[in-house]
Amino acid sequence: MRQFQHIGVVGGGAWGTALAQVAARADGDTRRVTLWAREPEVVEAVNASRENRMFLPGVALGANIAATSSLEEVAGADALLMVTPAQHMRATCAGIARTLRPGTPVLICAKGVEQGTMKLLTDVLAETLPEAEAAVLSGPSFAGEVARGLPTAVTLACADRELGRALVDAIGLPTFRPYYSSDLIGAEIGGAVKNVLAIACGIVEGRKFGASARAALTTRGFAEMTRLGLALGARAETLAGLSGLGDLILTCNSPQSRNMSLGIALGEGRSLDEILGSRNSVSEGAFSATAVVALAAKYGIEMPISEAVAAIVTAKINVDEAIASLLTRPFKSED
């Protein structure tokens, strides 16, 4: 069984910081954890006061976590957790490529589809860090709850079963339970599509359409996720598991979700620029929506809810027009 005495976390936002806390706890506080952050104030605060005041205030971080602004330093770890936003993944991986040791496991913890190329993040990783061993971590999880040690279960997908099991053991805790899967595509598609659908559910909440409407949208959204996932080669059981349906349920039912809260604000009449300008964290669904829809079109997959969200965030139609387009669609069979 492989040992990971030094784990690097690339991305100093709330989720990256929470995963650094998990990695630090999982080895009885004896493991070295290096957290890379772009923001100098995050690096300074973590090292000086054991707290990420910008993105995860109020959580006391383990003494074995050290923050850095050097990608070269974090790239020397035994395994990397990539938590940088999806649309910055390519550039960040390119910055690591010069110093990453061949065969280093790289666990993708971001959720999204790359704009322009319509590529999954494992494809981006294969192009930028071809000698890395890829894995995916995805599932229903809020950073604050994970960092505070509240019970959470996620999917850890890796084509190499032995490596996947070693990564599960490396970061697993009684309160942070990774379930192994060999289906990387399924784990990725679930995480990417649920972010888009959470925006739609937020709009339903912002417009006060009620719980029945939200349940209907979540269910039909899951059908969209499933159609796309199966077309790309994902397994149905993965899409119905933690990284698919589980994550969808969480993010479509709680304003703690950055994507759902963005949708709520859109439904209440605020503009996208106003909403995004007031935040210091990334709502991945707003940036992945167009890529998800373009990827679906490439495979001839119909995703009307996702298409409506993509049209809203690119200002092609307004919220009222999007709602009308969905409610006036022809009646169809569930068979």
Label-point separation in nm, Arg161 to Thr328, each point 7 Å along Cα→Cβ: 5.4 nm
The value for the stretch 181-222 (convex hull of the alpha-carbon atoms, volume per residue, Å³) is 59 Å³
For the chain, what is the mean residue ellipticity at 222 nm derived from helices alone (per DSSP H run of n ≥ 4: -39500 (n - 2.57); sum divided by total residues; nearest 500 deg cm²/dmol)? -14500 deg cm²/dmol
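Local charge sum around Val113 (other residues, Cβ-Cβ under 10 Å, Lys/Arg +1, Asp/Glu -1)?
Here the charged neighbours net out to -2.
Could you give the alpha-carbon Rg of the stretch 181-286 over 2.2 N^0.38 Å, rounded to two decimals?
The value comes to 1.07.
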Put +1 on the Cβ of every Lys and Arg and -1 on every Asp and Glu Cβ in the chain; which of Leu35, Val319, Ala20 then has its Cα farthest towards the positive end of the dipole? Val319
Which three numbers, in whole Å and largest first, are the semi-axes of the equivalent ellipsoid of the stretch 88-147 derived from its Cα gyration tensor as √(5λ)? 21, 15, 10
How big is the stretch 242-335 in terms of Cα radius of gyration and Dmax, in angstroms? 14.1, 44
By residue number, which cysteines of the chain lack any other Cys whose Cβ falls under 4.7 Å from their Cβ? Cys93, Cys109, Cys158
Please report Rg (one decimal) and Dmax (integer) in Å for the Cα set of the stretch 66-193. 14.1, 40
Suppose all protein chains stay in the model; what accessible area per residue would a 1.4 Å probe give for the stretch 167-297, in Å²? 37 Å²
Which whole-number percent gives the relative contact order of the chain, counting Cα pairs below 8 Å spaced six or more residues apart? 15 percent
Which of the chymotrypsin sites (Phe, Trp or Tyr not before Pro) across the stretch 278-334 are loop residues per DSSP, with 14 or fewer other Cβ within 10 Å? Tyr299, Phe331
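Hey, any idea what Rg/Rh is for the chain, computing Rh the Kirkwood way over Cα pairs?
We get a ratio of 0.96 for the chain.
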Debye, to nearest 20: dipole size of the chain, +1 on Lys, Arg Cβ, -1 on Asp, Glu Cβ: 340 debye
Considering the Cα positions of the stretch 1-128, please state its Rg to one decimal place and its Dmax as a whole number of Å. 14.1, 43
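Can you pull the semi-axes for the stretch 68-123, root of five times each eigenvalue of the Cα gyration tensor, sorted largest first, whole Å?
For the stretch 68-123, the semi-axes come out at 20, 11, 10 Å.
The values are calculated or read from the model by the stated rules, or taken from the named source; none is laboratory data. This structure is a prediction, so every number in the text was calculated from the model and none was measured. Glycine gets a Cβ as well: all are built from the backbone with ideal geometry, and neighbour counts include every protein chain shown. Just so you know, the surface numbers come from the protein's heavy atoms only, side chains and all, with ligands and any DNA or RNA stripped out. Shrake-Rupley method; radii C 1.70, N 1.55, O 1.52, S 1.80 Å.
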